[in-house]
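The values are calculated or read from the model by the stated rules, or taken from the named source; none is laboratory data. As the structure is a computational prediction, the values presented were derived from the model and not from experiment. Quick reminder, even Gly has a Cβ in these numbers, built from the backbone with ideal geometry, and neighbours come from all protein chains shown.
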C-alpha cells in the first residue's frame, strides 16, 4: 500500500529532463537580436517620415534606404526635390540615428551596471557621469564658448570630458590599494561626487543670465535638437565599439549574479572584468550624454522590460536591450518633436512621463521576474 | 586513511589578517592527500571559511605558502585554479531569476575560451550533475523560485559540473532536510571514492563529519587544535575546550563510527586554562557520574580509578572521554590495574574521592590515595564526615581514612562545593592546609545552587 503511493509520487516527480528541451544559446542570441533589429529598422523608416514638413512616404523610404551602402545602387532618388532631400537626409536622419545610438548606449550600459551591481535599480548615471557632464556643459555655456573643437561644439566636448573625468574620479575613489573595486563604495562615491558636482552646477546656474540659464536647463532635460551627422559620426563608433567590447564580458557577468566571491570560485577574473566593464561603460555613457544631455529612465526601464521577455542571460539581454533602447528613444524623440508642434518638448520629459508609470506597472506586475 | 601519500593540498606557515592587526589564520600547517576526505571543524570565527577562501584564491594576500598539486597557488590564474578546485559555498543568492540549468552551466565557463558559449556536451554534464543532486526536474525553473535546500543542491550540482580534482565544501548540508543531508553526503563521498576526488569539508554537524571524514582537523583561534582520526579528535575534552559544549561520545552500533550527543544542563564557560586542573577521581558504583559531569563542564581534565566494566561510572567515564583503568575481574587482585591507576595519579594535580561505598573489591582504590598523599598531591574527600556509613570492610577503610586525614587529606561537604572551591582557588596559595571554604558566603552558596539546578 505505502509502496504504491511512493512509486506513484516519485513517477510524478521525476519528470526526465532532456538536453533537446534547451534552446542553444547562440541561436537564442541571434533569434532575438534579428527580431529586435527588424523592428528597429522598420521604425527608423516610419520615424523619418513623420514630422512638421510633409514629405511623401515613398520618398522618405527611398531617401533612407539610399543611405545604406549596398542597397544604394538600386534606389533612384533623382526625381525627389532637393528640399525634401535636405529635410530627410540632413535634418531627420541624423536625428533619428542619434536618438537610436543614445538609446542603445543608455540601455546597454543599464544592462551591464544592473548585472555588475547585482541590482535591477542601477542606471547608467549611477556613478556620477551625468553630474560631471552637467557641470562641464553648464560651465561651457556660461563661458560662452561658441567655437568648438573642429566641428564639434564646445558644449559637447566639455560634457564628454566632464563625464569621463567624474567617472574616473569615482572609479578611483572606489579602488583600494590592491586595485580592487568595492561595488558598494563605487555607488556611494558616485552619490557623493554627484552631490558635489551638482552643487557646482547649481552655483553656475545662479551666476548665469536668463539665456544661459535656459540653455543649461534645456541641456539637462535632454534633447536631440541640432542633431548633425558629425555628432553621429563621432559618437557612433564610440558607442558601437564600446557596446561590442562589453558584449565579450556578458558571459562572465552572468556569474556575478551569484556574488563576486562565487564568480571567482567559478574561475572568473572578477577584478579585471569589473575594471573593463566600468571603463567601457563610462566611455559609452559619456559619449551619449555629451550630445543629448540627461535622458532618464531609458537605461532603467528597457533592460527590465526585456528581461521579462528574453530572460536574465546578459548575452541575450545586452544586444536586445541595446536595440530595444534605440527603439524606445527613437519613438520618444519622434513624439517629442511632433506632439506639441511646432514647439519641441525635451525628450527627457517624454521618457520620464512614459517611463515612470510604466516602470511602476512593471514593478507591480512582475514582482519576482527580475 | 588512504595509503597514497601524494599531497594534493599543502599549507605551510599560513597567516592571514583582514586588518593587519589580529591574525584570523595564525600559523596553520597541514597536508591533504589525494582522494582523502578531510573534515574541517571549529567554532564560529575560528577561521575555517577564511582558510577556504585562501585555498580557493579569493584572498590572495596571505603570508605563508599554499601548494596545490605541488604548484604554488599564487602562480595560478583564475581559470587554471577553477579547473582544479571547486567550491560549494554556504549559501548563494541570485538577484536575477536565472534558470537552474543556466546556474549550473556557469561552472563550465572556466572550461572554455573567453568567447565560446556552452555546447551540447556542457548541457549533458550539467544535467548529469543535476541528476546526482536530484534537481534535474528543476532545470527549467528559475533559481529565485526554488527553496533554500533546492538552491543548495543546485549549487552542489554546479560545483560537481565544474569537474575538479579538489572539492571544498563549506557546510554543504546546512539547509538540507535529514534525508537529503544523508543522500548528498553519501553521493559526495561516493564520487570522491570513485573518481579519487579530494574533499575538504567544513561541518558544524560533528556527526556528519565523523561519519564521512577519513581525518578531522579541529581549528580554534586560527590554529590547529587537534588533527587525526575522528575518534581521536572528537573527544568530549577537545570539544569542551574548543566549543565549550558539553557532549558525550558514543559508538554508532550500525556503522561502528562515533557519534556525538550534546547534553544541555546549565551552560557555563570553562575556566581559564591556568585554573584547569588534572583531577583524578576515585569513583565507583555510580557515585562518580555527577562529579565527572560537573568537573568536565568546567574544563578540567579528568582521570578515574579502577572500575569494573559493568559499573555505571565506567559508562559515564567512557562517554565523557575520561581516562580510566577498566577491569573485567576482581579489582583488588589485579597488580597491573593497580599500577596503571597509580600512573594516572602521578599525572594528576588533585585527587578527589567521591561518595564511594568501599568494600573488599575496591579497597585498592582507597589505598592508592595513600600513594597520592606520599606524592604530595592534594586529596579531597567528598562528604568525608559520613565516611563510616560507606565503609563495608568492617572498619579497615575507616582506619585508613583517619590515617589519610592525618597525612593531609581534606574533607569537603558536597560535590558543588568542590567545584566552586576549584573555581575560586588562588593558585599562588595552594600548597598548605590553611585553605578553608567559607560556607556562609552567600555568593558561593548561590553559585552552588545554580550548579545544582
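Among the residues of region B:150-157, is any within 9 Å of chain A (Cβ to nearest Cβ) and in contact (Cβ under 8 Å) with a residue 40 or more places away in the chain? Checking region B:150-157: at least one residue is within 9 Å of chain A (Cβ to nearest Cβ) and in contact (Cβ under 8 Å) with a residue 40 or more places away in the chain.
Quick grid of which residues meet (1) touching a residue at least 24 places away in the same chain (Cβ under 8 Å); (2) in contact with a strand residue (DSSP E or B) (Cβ under 7 Å, 6 or more places away or on another chain):
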site: B:178; (1), (2): no, no
site: B:188; (1), (2): yes, yes
site: B:208; (1), (2): yes, no
site: B:217; (1), (2): yes, yes
site: B:220; (1), (2): yes, no
site: B:226; (1), (2): no, yes
site: B:230; (1), (2): yes, yes
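When residue B:74 is tested against (1) more than 7 Å from chain A (Cβ to nearest Cβ); (2) assigned to a strand (DSSP E or B), exactly one condition is not met: (2). Go through (1) part of a loop (DSSP other than H, G, I, E, B); (2) away from chain A (no Cβ under 14 Å); (3) free of Cβ contacts under 8 Å to residues at least 24 places away in the same chain and name the single condition residue B:194 misses. Condition not satisfied by residue B:194: (1). A single entry from A:39, A:44, A:88, A:34 fulfils the requirement of being exposed (fewer than 14 other Cβ atoms within 10 Å of the Cβ), more than 13 Å from chain B (Cβ to nearest Cβ) and either within 20 Å of residue A:236 (Cα to Cα) or within 19 Å of the chain's Cα centre (by Cα) (or both): A:34. Applying the selection to region B:169-186, what residues are farther than 18 Å from residue B:197 by Cα, in contact with a helix residue (DSSP H, G or I) (Cβ under 8 Å, 6 or more places away or on another chain) and outside any loop (DSSP other than H, G, I, E, B)? Within region B:169-186, B:180, B:181 meet the criteria.
Can you find a residue that is modelled with pLDDT of 50 or more and either within 30 Å of residue A:62 (Cα to Cα) or surrounded by 13 or more Cβ atoms within 10 Å (Cβ to Cβ) (or both) anywhere in region A:1-16? No. Filtering region B:388-427 to residues that are in a helix (DSSP H, G or I), farther than 17 Å from residue B:364 by Cβ and under 39 Å from the mean Cα position of the chain (by Cα) leaves B:415, B:416, B:417, B:418, B:419, B:420, B:421, B:422, B:423, B:424, B:427.
Quick check: anything in region A:71-82 on the phi < 0 side of the Ramachandran plot and crowded, with 21+ Cβ neighbours inside 10 Å? No, region A:71-82 contains no residue that is on the phi < 0 side of the Ramachandran plot and crowded, with 21+ Cβ neighbours inside 10 Å.
If you go through region A:181-224 and keep only what is part of a loop (DSSP other than H, G, I, E, B) and surrounded by 16 or more Cβ atoms within 10 Å (Cβ to Cβ), you end up with A:208, A:222, A:223, A:224.
Checked against the criteria, residue A:268 does not count as crowded, with 18+ Cβ neighbours inside 10 Å and at pLDDT below 90.
Given the structure, is residue B:168 closer than 29 Å to residue B:112 by Cβ, in contact (Cβ under 8 Å) with a residue 12 or more places away in the chain and in the same structural domain as residue B:243 (by TED's automatic domain parsing)?
Considered against the rule, which asks whether it is closer than 29 Å to residue B:112 by Cβ, in contact (Cβ under 8 Å) with a residue 12 or more places away in the chain and in the same structural domain as residue B:243 (by TED's automatic domain parsing), residue B:168 comes out as yes.
The residues of region A:47-61 that are over 20 Å from residue A:100 (Cα atoms) and surrounded by 18 or more Cβ atoms within 10 Å (Cβ to Cβ), listed by number, are A:55, A:59.
What about residue A:331, is it more than 14 Å from chain B (Cβ to nearest Cβ) and in a helix (DSSP H, G or I)? So residue A:331 passes the test. For region A:124-137, the set of residues classified as touching a residue at least 40 places away in the same chain (Cβ under 8 Å) and either part of a helix (DSSP H, G or I) or surrounded by fewer than 24 Cβ atoms within 10 Å (Cβ to Cβ) (or both) consists of A:129, A:130, A:131, A:132, A:133, A:134, A:135, A:137, listed by residue number. Please indicate, with yes or no, whether at least one residue in region B:107-117 is closer than 21 Å to residue B:56 by Cβ, touching a residue at least 12 places away in the same chain (Cβ under 8 Å), within 10 Å of another protein chain (Cβ to nearest Cβ) and in contact with a strand residue (DSSP E or B) (Cβ under 8 Å, 6 or more places away or on another chain). The answer is yes; a qualifying residue exists. Out of all the residues in region A:249-270, which are outside any helix (DSSP H, G or I) and farther than 18 Å from residue B:105 by Cβ? Scanning region A:249-270 gives a single hit, A:269.
Is it the case that region A:295-304 has a residue that's in a helix (DSSP H, G or I), within 14 Å of another protein chain (Cβ to nearest Cβ), more than 30 Å from residue B:82 (Cβ to Cβ) and in contact with a helix residue (DSSP H, G or I) (Cβ under 8 Å, 6 or more places away or on another chain)? Yes: one or more hits. If a residue must be within 14 Å of chain A (Cβ to nearest Cβ) and assigned to a loop (DSSP other than H, G, I, E, B), how many such residues does region B:5-57 contain? Final tally of qualifying residues: 5. For region B:36-91, the set of residues classified as touching a residue at least 60 places away in the same chain (Cβ under 8 Å) and at positive phi consists of B:42, B:47, B:69, B:70, listed by residue number. Note on region B:85-102: among residues that are surrounded by 23 or more Cβ atoms within 10 Å (Cβ to Cβ) and more than 7 Å from chain A (Cβ to nearest Cβ), the one that is nearest to residue B:136 (Cα to Cα) is B:100.
For region B:118-129, the candidate set comprises residues that are more than 8 Å from every other protein chain (Cβ to nearest Cβ) and buried (at least 16 other Cβ atoms within 10 Å of the Cβ); within that set, the residue that is nearest to the chain's Cα centre (by Cα) is B:129.
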